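Values in this text are rule-based calculations from the coordinates and carry no lab data. What you see is a predicted model; the values in this text were computed from it and never measured. All Cβ positions, glycine included, derive from the backbone under ideal geometry; neighbour counts span all protein chains shown.
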Amino acid sequence: MQIALEFDPATLKLLYTIAIVAVILLLIPIVVKIVNSFIKRIIPSGDQSLIIKIQQYVKIVVVLAMLMFALGQLGLETTILAIIVALAIFSIILAFRDVLLNLGGEYYIKTHQLFKIGDLIDVGGCRGKVIDINSLATTIETLENERTVIPNLFIARNYVINRGQCFLSIPISINRNKPINDLIRLQEELESRLQKYLTDKLILEINGKTCNVNLKLKENTDLNLIKNIINEVANNT
């Protein structure tokens with residue numbers, strides 16, 4: 001004898017709804033893991049505290065949003081929960097406004113190809129060689145061998161002069177009455193000392209009491225070393 005189980009439409013609908021809710025609840029940790037992985041990709045690995053904070057906020061929003069969806073499937077009122085989720089999203093945007101703007105700045109830098117690692121740039125009155133570009137900021141090394149971290153948002157909002165891969169212009173003080181032969185000897189001495197670092201002919205540009213030493217360097221050249229050699233030659237010539 002066979003027993004047939006029959007369910008009325010209302011029962012089937014309830015079982016179907018419960019199954020959907022169960023799937024949603026099981027998906028919560030999976031979705032949270034995926035979102036956390038995405039956050040780690042777009043935020044620099046060195047900023048662990050920032051990553052943890054963002055992940056905590058986003059986890060709350062994801063859980064609330066999926067619970068709201070699950071309750072909606074059960075036909076329960078979700079208006080209050082929807083307001084809480086909206087407020088949580090707004091709070092995250094407000095709390096991490098600068099982070100989001102700097103991420104937008106990184107997108108602007110890469111989209112317009114403003115510069116790359118190794119280029120010498122001028123931005124906001126600061127000049128240096130680009131040594132790192134991440135999601136939040138760009139790090140440059142100045143001629144004084146100082147590392148300056150510039151937020152990507154600041155770069156996106158200011159003029160950027162890209163002097164190209166390893167282009168350098170170093171000013172040195174000279175005597176205006178110095179004979180032209182001495183300047184020629186200075187140039188020859190500089191070219192001799194810097195030959196292994198150069199990719200093109202060195203040029204001296206006289207501007208009053210200042211002489212700009214314009215040169216193009218090979219990739220990964222130590223700018224501080226070049227500056228020291230130039231100052232040493234200038235003082236001895």
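Could you rank the peptides 117-125, 189-197 by their average count of other C-beta atoms within 10 Å per residue, with the highest value first?
117-125, 189-197
Can you give the extra length, in nm with one decimal, that the chain gains between Lys110 and Asn162 once fully stretched, where that is 0.36 nm per residue apart less the Cα-Cα distance?
Stretched fully, the Lys110-Asn162 segment lengthens by 17.3 nm.
Can you tell me the order of 134-140, 64-70 when each peptide is scored by its average per-residue count of other Cβ atoms within 10 angstrom, highest first?
Ranking the peptides 134-140, 64-70 by packing returns 134-140, 64-70.
Amide H of Arg163: which non-local residues (sequence gap of 5 or more, or other chain) have their own amide H closer than 5 Å, using H built in the peptide plane?
Leu120, Ile121, Asp122
Working out 0.36 nm times the residue gap between Leu27 and Lys218, then minus their Cα-Cα distance, what length gain in nm do you get to one decimal?
63.5 nm
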